[in-house]
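Have a look at the structure below before the remarks.
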Amino acid sequence: MISIPVEHGLLLATILFCLGLLGVLVRRNLIFVLMSMEIMFNAVGLAFISGGSRWHQADGQIMFMLVLTLAAAEVAVGLALVLQLYKRFKTVDIDIVSDMKG
Amino acid sequence: MSFELILFYTASAAALFATVMTITRLNAAHALLYLIASLLAVAVLFYLMGAPFAAGLEVIIYAGAIMVLFVFVIMMLNMGQQTVEQERQWLSFGIWIGPSIICLILLAEVVTLLVNDERMAGARIVSPKVVGALLYGPYLLAVELASMLLLAGLVGAYHLARPLNEKDKKAEAE
């Protein structure tokens, strides 16, 4: 049985990460920025899993689980920030809040 | 090209297409549908790479729990009289076709994998048992740190999402 080449898994993870980064840089809607960050976390998890698959070790899956908890905590705080932003400014455009007060 | 590689490249193509569609949609609800399809495609990739436990976690936590948070927030941002009309417009028939096709392709892959289970069950699979043993052995400190991170996320989200009190409203008015 031919196993999946690790280079292709890492290449896919890189492309997904770049797409997520592009989304963060290009989109101005805060919800889309958070979604793109999820894509980036997911790409990192894919890289860990393909590494773990290449060396037949469980460490890749453990690192994926830690990335998962990080993503969950990040998205909870991020979405709370979205709600607060919408309450104060009636918009989710992040360019509106680029000015500081004072 | 082997049977397994074909499945791998199909799922990769599905993940890439769904991700590109996610970051180019104008409507957040449509983007979420494609994002869920992309996460499911990555879950199939995990299964193909011999990590069935990670694939399960990806579906349950990413495509389940985290995406539900997104849905809640998108729905909470659109309160008002026009909400019903807006949802009818969002969930019109044409929107479902793209994500549904991707999900059907992935379903076909999973069924193929399950039917050919004897062929796939190689020594490559890292079982959940090994993962659990490592998690509560050498990685115990990391598990504790992750739990504290989740607690901090919980407290932070609760604090940030509270309703505006009088002092904040006064500061806002100035």
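Read-outs: derived from the displayed coordinates by stated rules, not from any lab. Treat the numbers as computed from the prediction; the structure is a model and nothing was measured. A quick note on method: Cβ atoms are made from the backbone with ideal geometry, for glycine too, and the neighbour counts reach across all protein chains shown.
Key figures
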quantity	calculated
Theoretical FRET efficiency, 1/(1+(r/R0)^6), r = Cβ-Cβ of B:Ile60 and A:Asp93, R0 30 Å, to 0.05	0.35
Region B:6-21 - phi-based ³J(HN,Hα) in whole Hz, Karplus 6.51/-1.76/1.60, Gly and Pro as x	4, 4, 4, 6, 5, 5, 5, 4, 4, 5, 5, 4, 5, 5, 4, 5
Value of Rg to Rh for region A:7-102 (Rh from inverse mean 1/r over Cα pairs, i.e. Kirkwood)	1.11
Dipole magnitude of the protein assembly as shown, debye to nearest 20 (Cβ charges: Lys/Arg +1, Asp/Glu -1, about Cα centre)	380 debye
Mean residue ellipticity (222 nm) of the protein assembly as shown, computed from DSSP H runs ≥ 4 via -39,500 (n - 2.57), nearest 500	-25000 deg cm²/dmol
Residue mean of other protein chain beta carbons inside 10 Å, B:18-30	4
Integer Hz, Karplus 6.51/-1.76/1.60 couplings in order for region B:135-146, x for Gly and Pro	5, 9, x, x, 9, 4, 4, 5, 5, 4, 4, 5
Size of charge dipole - region A:1-95 - debye, nearest 20, with Cβ of Lys, Arg +1 and Asp, Glu -1, no other charges	360 debye
Alpha-carbon gyration tensor eigenvalues x 5, square-rooted, for the protein assembly as shown, Å	36, 23, 15
